[in-house]
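Right, one structure below, let's go through it.
The values are calculated or read from the model by the stated rules, or taken from the named source; none is laboratory data. All figures in this text were calculated on a predicted structure; none of them were measured in a lab. Quick reminder, even Gly has a Cβ in these numbers, built from the backbone with ideal geometry, and neighbours come from all protein chains shown.
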Amino acid sequence: MIDRPGFRLLAITPPAGPVDAGLVGAWSAGRAVGLAVLLREPGTSPAGLVAAGHRFAGLRRACAEAGVPCVLSVGPEGLEALGEALAVPGVVGVQLRGDPGVQRLEAARRVLGAARVLGRSCHGQPAGMGAWVDYSVLAPIFAPRTASPTPGPGKRAVGLGPLRGLAQREARVFALGGVTPERARACLEAGAWGLAAIRTFFGAPAVVADNVAHLAHAVVEAESHAAPSP
């Protein structure tokens, strides 16, 4: 596994509706500990996600100006359609949806090459894939606050146990699903490398700034507790 990603917070775009590019400024506390954005819109191709007329266009440009990396959420059909999407400024890699197996991850790495970030989404109690991915996003840890466009039994809250188990097998696991500032510490204590969310990062600017500051503080606090004593 490549020693990345450096980001500890992952802002996931809402499934529909307008996106306020000005929120990048409200994420300043999160940027201090490392923050990336997952451009996610089920049913949209990689080229569509980075298109000049897409609802993410303003956000993507604001991220590029602020030095916030973007990752493209890619479905099963998306690998062959990556094309020039990876050449767009600020795009550092992809995150595969749908609990991808080893074969799909191997195919993704061949397409991406060694220099790009490769993440995966997983649910329930997944097998460790640390040899194939740079990070995993396990969801939902708690009941999600944003409705999933593809609900099902595999999207039920799993709690901290599976998070703890996966974190023992992989070095970079993000907790997603109902991860409020109040629950952030519990996820990090269970072994999460980072925290992912939708509503925490996309909402009223003042509320977002406060929530992101709390997440960043939780990461810093977890780091200090993990540091060896002098």
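Number of residues in the stretch 100-120 that are touching a residue at least 40 places away in the same chain (Cβ under 8 Å) and within 14 Å of the chain's Cα centre (by Cα) equals 2. Here Arg145 clears all of (1) part of a loop (DSSP other than H, G, I, E, B); (2) at pLDDT 95 or above except the condition numbered (2). Among the residues here, Gln125 does not qualify as of a type in the set (S, T, N, Q) and touching a Gly at 6+ places or on another chain (Cβ under 6 Å).
Cβ-Cβ contacts under 8 Å between residues 6 or more apart (or on different chains), taken from a first residue in the stretch 11-37 that is of a type in the set (D, E, K, R) to a second residue that is in a helix (DSSP H, G or I), are listed as Asp20/Leu59; Asp20/Pro205; Arg31/Ala66. Only a single criterion out of (1) small (Gly, Ala, Ser); (2) within 19 Å of Glu41 (Cβ to Cβ); (3) at pLDDT 95 or above is not satisfied by Gly98, namely (3). Within the stretch 34-62, being crowded, with 21+ Cβ neighbours inside 10 Å and either at positive phi or among the β-branched types (Val, Ile, Thr) (or both) holds for Val37, Val50.
Only one of these is of a type in the set (A, V, I, L, M) and modelled with pLDDT under 95: Ala213, Ala227, Ala218, Ala209. Name it.
Numbers: Ala213 fails: modelled with pLDDT under 95; Ala218 fails: modelled with pLDDT under 95; Ala209 fails: modelled with pLDDT under 95.
Answer to the selection: Ala227.
Between Val94, Val117, Val24, Val74, the distinction of being β-branched (Val, Ile, Thr), buried (at least 17 other Cβ atoms within 10 Å of the Cβ) and farther than 30 Å from Val158 by Cα belongs to Val24 only.
So which residues in the stretch 74-119 are assigned to a loop (DSSP other than H, G, I, E, B) and of a type in the set (A, V, I, L, M, F, W, C), if there are any at all?
We begin by selecting, within the stretch 74-119, every residue assigned to a loop (DSSP other than H, G, I, E, B); these are 75-78, 82, 88-90, 97-101, 113-116.
Scanning the stretch 74-119 gives Leu82, Val88, Ala114, Ala115.
Taking the stretch 174-230 as the range and being in a loop (DSSP other than H, G, I, E, B) and among the hydroxyl-bearing types (Ser, Thr, Tyr) as the test, the residues that pass are Thr180, Thr200, Ser229. Checking each residue in the stretch 179-230 for being closer than 28 Å to Gly128 by Cβ and aromatic (Phe, Trp, Tyr) picks out Trp193, Phe201.
Among Ala47, Ala51, Ala64, which is among the small types (Gly, Ala, Ser), within 19 Å of Ala108 (Cα to Cα) and free of Cβ contacts under 8 Å to residues at least 60 places away in the same chain? So that I can check it myself, show each step before the final result.
On the way: Ala51 fails: within 19 Å of Ala108 (Cα to Cα); Ala64 fails: within 19 Å of Ala108 (Cα to Cα).
Criteria check complete, one pass: Ala47.
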